[in-house]
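Down below is the structure, laid out as structure tokens.
The values are calculated or read from the model by the stated rules, or taken from the named source; none is laboratory data. None of these values were measured; they are calculated from a predicted model. Methodologically, a virtual Cβ is constructed for each residue, glycine included, from the backbone with ideal geometry; neighbour enumeration extends over all protein chains shown.
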Amino acid sequence: MELPLNFTDYSEAKKAGFMKMKELKENGANVVGTFCTYTPTELVLAAGGICVGLCGLDEDPIRLAETKLPKNLCPLIKSSYGHALGDTCPYFYFSDMILAETTCDGKKKMFELMNDIKHTHVMQLPPGKEGKGAFNLWREEIVTLKEVLEEKFNVEITEEDLKNAIKLKNRERKVILEYFELGKLNPPPLGGFEQSTLIDSISFVFNMEDRIKIIEDRIVELRQKYEREKDTPSTRPRIIVTGCPTGGVRDKVIKTIEDLGADVVGIDNCSGPREKRELVREDIDPIDALAEKYLNINCSVMSPNPTRYEALGEMIDDYNVDGVIEVVLQACHTFNVESYYIKEYVNNEKELPYLMIETDYSKSDVGQVNTRISAFLEMI
Ligand code: BJ8
């Protein structure tokens, strides 16, 4: 059985979510717009609020964004800001506030401009996770966020509220991880295009229980598919895509890899298991637990960022991978610089081929991307 139309098509899911969001707002929902997996969403849930991701994944608003931002900036940042500036994203419109973090330089400076449009609370994320100072700073930022949310939404976030929100988010993490791990099977019952589309689309289902149920149902369908097909393993190369978020280049990169004859079995980025791997501890003070968990996310904005290699290495082994393709969005300096060591790691430690593709949201390099992926797959 195929997924309902709105979860295989990101723009359909986004549109369907608009109506739901409008209804929720009419019933008094408190909505917080977010941009990053470092956002401790449990606090918003504990405040009775709803989080909605606002990362821009399309090219349309970029021209407008460039009237205020430099052209030489990551497309995700320009697209996100362009939607805010042009008021072309209903989710931005419906957000009561924006919750952001000091991740990369481009994003954190863009948030200063975004604050002129809508109240943007920026959490000070430490530039590295090592040392006591980093944990203490981040923990303080989480305490401050709790106070900001309490004041904004006129609620008290109790320890019990927070513990319940942590449990609920952990359930969601576990089920999403189980869904991703179906990519370990051969033949893989799902490709990277589906993984990325479903996970980005599901963010527009605002009831967490509904969200969990949709993924659980899809897991059952995919397991049945695997049972039917398991006697004919795939001989296609097994690829992991790593690097920047790929929602804005899903067609240009992930679909192209699959159309050219490979299986994208895993996606090691923020649409993949990067944030899901580690649960929030349920046996310690909830604020400590949130600080610990979110500080450990292995994004390239952290310096140094050794756990990214461990996570990628585990995926390469567990998913039995034949090659790694890294996507770097143009002007993303942190992933771009880190790609040097990722290549070394993949080539030398894992003895596998590696390809880095630097791209943006435009169609101007579709042919070139296609040619490079094709040559890479032929080599494998
Ligand atoms: S945790 S990947 S969502 S920061 S691609 S805007 S880093 S210049 S999106 Fe990200 Fe959080 Fe990290 Fe994930 Fe800057 Fe790079 Fe653009 Fe990026």
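At-a-glance table
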| quantity | calculated |
| --- | --- |
| Exclusive hit being within 14 Å of L125 (Cβ to Cβ) and of a type outside the set (S, T, N, Q), set V301, V265, V280 | V301 |
| Members of region 188-213 that are over 23 Å from S95 (Cβ atoms) and surrounded by fewer than 17 Cβ atoms within 10 Å (Cβ to Cβ) | K213 |
| Members of region 54-70 that are in contact with a helix residue (DSSP H, G or I) (Cβ under 8 Å, 6 or more places away or on another chain) and within 14 Å of the ligand (Cβ to nearest atom) | L54, C55, G56, L57, I62, A65, L69 |
| Region 345-380, subset hydroxyl-bearing (S, T, Y) and touching a Phe, Trp or Tyr at 6+ places or on another chain (Cβ under 9 Å), residue farthest from E314 (Cα to Cα) | Y354 |
| Per-region count, region 207-248, residues part of a helix (DSSP H, G or I) and either basic (K, R) or in contact with a strand residue (DSSP E or B) (Cβ under 6 Å, 6 or more places away or on another chain) (or both) | 6 |
| Selection within region 278-305 - within 12 Å of the ligand (Cβ to nearest atom) and either out of contact with any Ser or Thr (no Cβ under 9 Å at 6 or more places or on another chain) or part of a helix (DSSP H, G or I) (or both) | Y294, L295 |
| Extreme residue, farthest from the ligand (Cβ to nearest atom), among residues of region 120-135 that are at pLDDT below 95 and part of a loop (DSSP other than H, G, I, E, B) | G131 |
| Members of region 214-254 found to be surrounded by 22 or more Cβ atoms within 10 Å (Cβ to Cβ), over 16 Å from L54 (Cα atoms) and among the hydroxyl-bearing types (S, T, Y), listed by number | T242 |
| Region 246-286, residues that are touching an Asp or Glu at 6+ places or on another chain (Cβ under 7 Å), modelled with pLDDT under 95 and either among the aromatic types (F, W, Y) or more than 26 Å from G367 (Cβ to Cβ) (or both) | R274 |
| Selection count, region 80-109, where residues are within 23 Å of S303 (Cβ to Cβ), in contact (Cβ under 8 Å) with a residue 60 or more places away in the chain and part of a helix (DSSP H, G or I) | 3 |
| I254 vs. criteria in contact (Cβ under 8 Å) with a residue 40 or more places away in the chain, outside any loop (DSSP other than H, G, I, E, B), touching a strand residue (DSSP E or B) at 6+ places or on another chain (Cβ under 7 Å) and within 16 Å of the ligand (Cβ to nearest atom) | yes |
| Residue satisfying all of: in region 324-380; of a type in the set (F, W, Y) and not in a loop (DSSP other than H, G, I, E, B); surrounded by the fewest Cβ atoms within 10 Å (Cβ to Cβ) among these | Y340 |
| Of all residues making up region 323-380, the number that are of a type in the set (D, E), within 18 Å of A262 (Cα to Cα) and touching a residue at least 24 places away in the same chain (Cβ under 8 Å) | 1 |
| Among the candidates I77, I117, residue that is hydrophobic (A, V, I, L, M, F, W, C), more than 14 Å from the ligand (Cβ to nearest atom) and either outside any helix (DSSP H, G or I) or under 18 Å from the mean Cα position of the chain (by Cα) (or both) | I117 |
| Residues (within 15 Å of the ligand (Cβ to nearest atom) and either out of contact with any Leu (no Cβ under 8 Å at 6 or more places or on another chain) or among the small types (G, A, S) (or both)) located in region 38-53 | T41, V52, G53 |
| Given (1) of a type in the set (K, R); (2) within 12 Å of the ligand (Cβ to nearest atom); (3) over 24 Å from K169 (Cβ atoms), index of the condition R308 fails | (3) |
| Of residues in region 101-114 being under 21 Å from V337 (Cβ atoms) and of a type in the set (A, V, I, L, M, F, W, C), the one farthest from the ligand (Cβ to nearest atom) | M110 |
| Condition met for C36 (part of a loop (DSSP other than H, G, I, E, B) and in contact with a Lys or Arg (Cβ under 8 Å, 6 or more places away or on another chain)) | yes |
| Filter pass, F35 being modelled with pLDDT of 90 or more, buried (at least 17 other Cβ atoms within 10 Å of the Cβ) and more than 22 Å from K167 (Cα to Cα) | yes |
